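Have a look at the structure below before the remarks.
The values are calculated or read from the model by the stated rules, or taken from the named source; none is laboratory data. Fair warning: this is a prediction, and the values are worked out from it, not measured in the lab. With ideal geometry, Cβ positions are generated from the backbone for all residues, glycine too; neighbour counts draw on all protein chains shown.
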Amino acid sequence: MNLRNEIKMLLLGAGESGKSTILKQMKLIHEGGYSRDERESFRESMRVILEAMESLEIPLEDQRAEYHVQTIFVQPAQIEGDVLPPEVGQAIKTLWQDAGVQAAFQRSREYQLNDSAKYYFDTIDTIASPTYIPSDQDVLRSRVKTTGITETTFIIGDLTYRMFDVGGQRSERKKWIHCFENVTTILFLVAISEYDQLLFEDETVNRMQEALTLFDSICNSRWFTKTSI
């Protein structure tokens, strides 16, 4: 391949900044979206989001809902199978309507709750359906920690774009160097919703400050002196 016709794009940023969402969006636009099998593979990731309910250790307004709390807690750490058990779907739906749970949600910046949790809780009836297959919007909103390096390739006109997504958590950043050679441009992503949130790896660090520190280190890296950022 002629390197002059190849654009190598590297998505960088701290964890949960939106890098994987950009990559998934490119796949939806340029590769015809997701096949049925690929859509079904995202079911498990959505279960992970729903399990954030376990973080809501708060008093319930309706104590009768305690039964549903136990339904959630007795589930295995990772829900297995292709279908969300109906009792789990009903438990999530009931708890999500509880004022105590809503109050805890409003304070979600104080703990690690996925930004898309509300979206999935609001659509729990659909997700709990035995015939459920995630929509494109469901896929884009899903959150699974990126480990390693993920690449997607697409062509626009005479140019071939190779876009790389790498894990943003601190433990993953040592792998970034494997992508640094011949990078044309870097897209550095920051989630503006994280201005008052704490870092997953270190809850003494503000996420926005972590992003600024990381951006500064990338801008001053010897690897990217000739790279557009």
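Quick notes
- Counted residues, segment 4-35 - those being at pLDDT 75 or above and outside any helix (DSSP H, G or I): 9
- Taken over segment 194-211, the residue count meeting the criterion of being closer than 18 Å to Gln106 by Cα, surrounded by fewer than 17 Cβ atoms within 10 Å (Cβ to Cβ) and in contact (Cβ under 8 Å) with a residue 24 or more places away in the chain is 1.
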